[in-house]
Amino acid sequence: AQSVTQLDSHVSVSEGTPVLLRCNYSSSYSPSLFWYVQHPNKGLQLLLKYTSAATLVKGINGFEAEFKKSETSFHLTKPSAHMSDAAEYFCVVSAGNFNKFYFGSGTKLNVKP
Amino acid sequence: DTAVSQTPKYLVTQMGNDKSIKCEQNLGHDTMYWYKQDSKKFLKIMFSYNNKELIINETVPNRFSPKSPDKAHLNLHINSLELGDSAVYFCASSSRGDTQYFGPGTRLTVL
């Protein structure tokens, strides 16, 4: 069975400080993993994805994530937060039945000036 | 050109009415999805179609009926709308489990 746990429902950082959004997954198969961002009243936009190539994945807007199989984690990081990063972030796993995606419950990132 | 489009963007209606939401993708994908996002931002898969064939049908009231006239379209029809149907509905498409691309969402409000 597949599932995703986002460990923090809310994260608050100051502008210019690092961002860490945590995601753990469970999968019976080799997973594909994604991070999506949703700005207020907008649709979901892909930030980055892991599909069994390099374990460190770079995405848009300076975000990156590292796939750690031993820890079943796929945490999202950014060295320096920007006000425009304030949004909801979703970790997603796809495995086995490749037409089904499992969403985490989301992490709301707040960026303080 | 918009990759995944949905109409309407906003839908306000009375309880008991029937309404439809349309979705179109121009990405050449073979799989399309409908998701419901509640007020707590939780995204729940409702349906998935692959090459016009229903492959995922989660526990959704049978008042909800998806229709896929072709690979590029997946419409959602809802009968006898209830207050609890108020949510944002997202359409998405993908190619065999690869990246999903989402539409802008339809905010449904049932009064």
Expected unfolding gain across B:SER5-B:ASP38 under the 0.36 nm per residue rule, minus the alpha-carbon gap, is 9.9 nm
Taking a crude spin-label model, label points 7 Å out from Cα along the C-beta direction, the A:HIS39 to A:SER52 distance in nm is 3.5 nm
Kirkwood radius from Cα pairs of the stretch A:3-112 plugged into Stokes-Einstein at 20 °C, 1.002 mPa s, gives D in µm²/s equal to 154 µm²/s
Chains B and A: accessible area buried, summed over both chains, 1.4 Å probe, nearest 100 Å², reads 1700 Å²
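Rounded to a whole number of µm²/s, how large is the Stokes-Einstein D of the stretch A:1-44 at 25 °C and 0.890 mPa s, given Rh as the Kirkwood radius over C-alpha pairs? It would help to have the intermediate numbers written out before the result.
Working: Rh = 13.0 Å.
Approximately 189 µm²/s, per Stokes-Einstein.
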In nm, the gap between the two label points placed 7 Å beyond Cα toward Cβ at B:LEU54 and A:SER9 is 3.3 nm
With a 1.4 angstrom probe the carbon and sulfur portion of accessible area for the stretch A:3-112, in percent, totals 51 percent
For the protein assembly as shown, dividing by residue count, accessible area per residue (probe 1.4 Å) in Å² works out to 48 Å²
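What do the square roots of 5 times the Cα gyration tensor eigenvalues come to for the protein assembly as shown, in whole Å, largest first, as semi-axes of the equivalent ellipsoid? Walk me through the numbers before you get to the answer.
Numbers: eigenvalues 178, 86, 46 Å².
Calculated on Cα positions only, the semi-axes equal 30, 21, 15 Å.
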Over its alpha-carbon atoms, chain B yields an Rg and a Dmax in Å of 13.1, 38
Once the in-chain neighbours fewer than 8 apart are removed, the lysines whose Cα is under 19 Å from B:LYS52 read A:LYS100, B:LYS22, B:LYS67, B:LYS71
Longest chain B segment clear of trypsin sites (Lys or Arg not before Pro) sitting in DSSP loops (not H, G, I, E or B) with at most 16 other Cβ atoms within 10 Å runs B:64-95
Across A:LYS58, A:LYS42, A:LYS78, the residue with the highest GNM fluctuation in chain A (Cα network, 10 Å cutoff) is A:LYS42
Surrounding charge for A:ILE60, neighbours by C-beta under 13 angstrom, Lys/Arg +1, Asp/Glu -1, total +1
Across A:ALA86, A:ALA54, A:ALA95, the residue with the highest GNM fluctuation in chain A (Cα network, 10 Å cutoff) is A:ALA54
Mean separation of Cα contacts under 8 Å (at least 6 apart) over the residue count of chain A, i.e. the relative contact order in percent, is 37 percent
Between the modelled labels at B:ASN62 and A:THR77 (7 Å from Cα along Cα→Cβ) the distance in nm is 5.2 nm
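The values are calculated or read from the model by the stated rules, or taken from the named source; none is laboratory data. It should be emphasised that the depicted structure is a prediction, and the values quoted were computed from it without experimental measurement. All Cβ positions, glycine included, derive from the backbone under ideal geometry; neighbour counts span all protein chains shown. The area values use the complete protein model at the heavy-atom level, side chains included, leaving out ligands, DNA and RNA. Shrake-Rupley method; radii C 1.70, N 1.55, O 1.52, S 1.80 Å.
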